Amino acid sequence: MKVTFGPVLKKTKIDKLLETLEHLGIKCSNIYIDENEYIDKYDILLSPGVKVSKVNRALIDIGLAMRAQATPIGYPIMKDGVYRIEILKKELESRVFSDLYKKRDDLYAPITLGIDSNGHKFVVDLQTLPNLLVGGIPGSGKSVLLHSIILSLIGIDAKLFLVDPKMVEFNMYDEISCIETIENTVEGVHQIISDVTEIMDSRFERLSSSKCRNALEYNHNRKVKMSPVVIVIDEWADIVLQDKTIQRSLCVVAQKGRAAGISIVMATQRPSVSVISGLIKANFSGRIAMRVASRIDSRIILDDSGAENITDVAMGLYSDHKTNGLRLFRAPFIEDPSDEFDLVVTPRSKTFWEKMWE
Ligand SMILES: Nc1ncnc2c1ncn2[C@@H]1O[C@H](COP(=O)(O)OP(=O)(O)OP(=O)(O)O)[C@@H](O)[C@H]1O
Ligand SMILES: [Mg+2]
């Protein structure tokens with residue numbers, strides 16, 4: 001068996017994993033390791049004929065043998081032809097939003113997702129996705145993650161349309177000037193879609209008359225810029241199960257919105273195919289799975305297994321179909337979003353605000 005390892009210290013870990021895999025009847029030809037303070041990532045070149053499903057089933061045993069802090073996360077990386085196992089050595093500690101929030105002027109729509117498994121601040125430009133789907137069981141930390149996203153977007157004065165079917169999650173944002181509306185009903189969502197479509201159409205006219213391909217190009221060297229416009233939906237299942245037709249009109253916005261700086265972020269505790277349909281998946285390339293009930297649920301959200309092994313609140317796996325594999329992270333802790341307003345709300349007069357973004 002050929003083994004690749006760097007410094008001597010790493011050898012023992014790889015030997016231990018090799019031994020464990022051998023005991024479990026999993027043959028492999030090569031193992032690469034990448035490690036940091038929190039996590040060891042092993043990329044395993046499985047021998048021909050070894051099924052990924054067999055390794056998936058062995059993750060708990062591997063975690064036990066390797067003395068992991070939690071069940072290891074394992075998933076195949078098709079492009080590289082390897083199976084990756086991430087073993088947490090030290091718990092990714094829960095950090096408060098104000099610790100992790102970072103103003104990023106270089107990004108169009110930066111959103112703070114928390115801390116990644118390298119211990120770094122995890123910030124993503126929503127514009128590049130441009131739509132994000134979050135799934136996880138009740139209590140897995142979806143709403144807190146949405147608060148982190150909303151607060152990040154308030155920090156750049158994005159135009160926000162919030163949907164809160166539970167009617168209790170988003171009330172504190174009522175007074176914030178860049179929140180356009182907070183809706184709780186299906187009719188409210190129809191209204192949001194029609195308002196955002198109007199913004200989108202008028203932006204397309206302006207983009208075309210100024211010969212710009214998208215909002216980023218348009219904003220370049222312009223005083224009055226096109227702001228990010230984001231629809232945030234807390235429980236998508238509550239909306240779509242009442243009115244299936246809403247899916248098609250929302251997906252039109254999801255599909256066409258990118259050039260005009262428009263994004264959608266939605267969360268659901270029911271990752272079933274009737275809630276996360278093929279149409280939704282085709283239009284939401286950003287995916288986050290928090291703790292889920294089964295491997296099937298993880299597949300529905302991420303197109304990959306892995307999230308079924310998350311055991312901790314606020315831990316998530318992120319995928320954007322661009323970066324290789326999945327990224328394990330922990331969302332920030334936010335006790336009360338209004339405590340963070342001082343940090344994110346930029347004190348500006350209304351006229352200044354109107355001049356900044358149209
Ligand atoms: N980063 C964190 N660290 C520690 N605890 C957290 C963190 N994020 C959330 N929590 C706790 O987890 C609990 C559930 O979070 P949240 O309400 O966001 O879950 P949810 O997935 O939205 O649940 P539901 O589907 O029922 O709405 C909350 O009590 C919250 O305090
Ligand atoms: Mg919630």
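The values are calculated or read from the model by the stated rules, or taken from the named source; none is laboratory data. Owing to the predicted nature of the structure, the values given are computational and were not obtained by experimental measurement. For neighbour counting, all protein chains shown are included, and Cβ atoms are generated from backbone atoms with ideal geometry for every residue, glycine included. Ligands, DNA and RNA are stripped out before the accessible areas are found, and what is left, the full protein with its side chains, is counted by its heavy atoms. Shrake-Rupley method; radii C 1.70, N 1.55, O 1.52, S 1.80 Å.
Structure data summary
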read-out: Selection count where residues are without any contact (Cβ under 8 Å) to a residue 40 or more places away in the chain and under 26 Å from the mean Cα position of the chain (by Cα), scope segment 220-235; value: 0
read-out: Qualifying residue in segment 97-113 (condition: within 16 Å of ligand 2 (Cβ to nearest atom) and over 28 Å from Ala259 (Cβ atoms)); value: no
read-out: Within segment 94-109, tally of residues that are at pLDDT 85 or above and open to solvent by 70 Å² or more (accessible area, probe 1.4 Å); value: 2
read-out: Residue selected from segment 164-182 under the condition aliphatic (A, V, I, L, M) and in contact (Cβ under 8 Å) with a residue 60 or more places away in the chain, by the criterion nearest to ligand 1 (Cβ to nearest atom); value: Met172
read-out: Per-region count, segment 123-158, residues within 14 Å of the chain's Cα centre (by Cα) and either part of a helix (DSSP H, G or I) or more than 16 Å from ligand 2 (Cβ to nearest atom) (or both); value: 19
read-out: Among (1) of a type in the set (Val, Ile, Thr); (2) away from ligand 1 (no atom under 16 Å from the Cβ); (3) open to solvent by less than 40 Å² (accessible area, probe 1.4 Å), the one test that Thr245 misses; value: (3)
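Residue-by-condition table, conditions (1) assigned to a loop (DSSP other than H, G, I, E, B); (2) open to solvent by less than 10 Å² (accessible area, probe 1.4 Å); (3) within 21 Å of Val230 (Cα to Cα); (4) in contact with a strand residue (DSSP E or B) (Cβ under 8 Å, 6 or more places away or on another chain):
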site	(1), (2), (3), (4)
Ile276	yes, yes, yes, yes
Ala282	no, no, yes, no
Ala293	yes, no, no, no
Ser298	no, yes, no, yes
Ile301	no, yes, yes, yes
Asp304	yes, no, no, yes
Glu308	no, no, no, no
Lys322	yes, no, no, no
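One line per residue, one yes/no per condition, for (1) open to solvent by less than 10 Å² (accessible area, probe 1.4 Å); (2) of a type in the set (A, V, I, L, M, F, W, C); (3) more than 16 Å from ligand 1 (Cβ to nearest atom):
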{"site": "Gly119", "(1), (2), (3)": "no, no, no"}
{"site": "Gln127", "(1), (2), (3)": "no, no, yes"}
{"site": "Val134", "(1), (2), (3)": "yes, yes, no"}
{"site": "Gly139", "(1), (2), (3)": "no, no, no"}
{"site": "Ser148", "(1), (2), (3)": "yes, no, no"}
{"site": "Leu153", "(1), (2), (3)": "yes, yes, yes"}
